[in-house]
Amino acid sequence: MQKLFGVGFFLIAVIVIGYKIAYSFTLRCNFLRSYLKFIKYIENETKYTRNILYELIKNHICQDEMSGLVQVFKHNLEEGYSVEKAWRLAVNCIKDRYFLNSEDCRVIYNFGYNLGKTDLPGQISNCEQALDLANRQFAEANEEKNTKSRLYFILILFLGLSFLLLIL
């Protein structure tokens, strides 16, 4: 009876681990989708309201994955950091939570590096370039999610089952 409970708990643990690994791909996709919306927001607000960057960030309200990054970025700006440093620190705070790879981080850092450094046409150009790069990253993340998430889930499940068969 105890052996049966042990096997059951082990199977549940293996399924949860496989699901968690598969879910990491979904989190990355969701964050990148949210990041795309944020860039579009900055671009549109820059074009039509001509507000300064701090006002755009201060007035931005989001309820998605980007909210953590925006909140940390706002806080860092209020602490007196430069825009570039505040953005870099904010990205560093959330990159592990959303399983961002180094290329994702490079693209996001790049956007923050050029944020607020140029005139209005330069800001719009920065947003367009960031949108292009982020769209590529999103397409790559979506492809990985569709292929690798199932693969890892099934692989971990089969490894767990084979381990159970070996010990039984």
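Every read-out reported here was derived from the displayed coordinates using simple, explicitly stated rules and does not represent laboratory data. Keep in mind it's a predicted model, so treat the numbers as computed, not measured. Because the Cβ atoms are built from the backbone with ideal geometry, glycine has one as well, and the counts that use them run over all protein chains shown.
Legend: residue pairs Lys3/Lys148; Lys20/Lys85; Lys37/Lys85; Lys58/Lys117; Lys40/Lys74; Lys47/Lys145, Cα-Cα distance threshold 24 Å; pairs beyond threshold, Lys3/Lys148; Lys20/Lys85; Lys47/Lys145. Restriction of the trypsin sites (Lys or Arg not before Pro) in segment 74-168 to DSSP coil positions whose beta-carbon has at most 14 other beta-carbons within 10 angstrom yields Arg97, Lys117. Across Phe73, Phe138, Phe158, mean-square fluctuation computed from a Gaussian network of the chain (C-alpha pairs under 10 Å connected) peaks at Phe158.
Under a Cβ-only charge scheme (Lys and Arg +1, Asp and Glu -1), can you give me the dipole magnitude of the chain about the Cα centre, in debye to the nearest 20? It would help to have the intermediate numbers written out before the result.
Values: 20 positive and 17 negative charges, 93 e Å.
For the chain, the charge dipole is close to 440 debye.
Placing +1 on each Lys and Arg Cβ and -1 on each Asp and Glu Cβ, with no other charges, gives segment 59-108 a dipole about its Cα centre of roughly 100 debye. In the elastic network of the chain, a GNM with C-alpha springs shorter than 10 Å, the most mobile of Leu133, Leu157, Leu36 is Leu157.
For the chain, what does -39500 (n - 2.57) per DSSP helix run (n ≥ 4), summed and divided by total residues, give at 222 nm, in deg cm²/dmol to the nearest 500?
Numbers: 6 runs with 140 residues, N = 168.
Per the formula, -29500 deg cm²/dmol.
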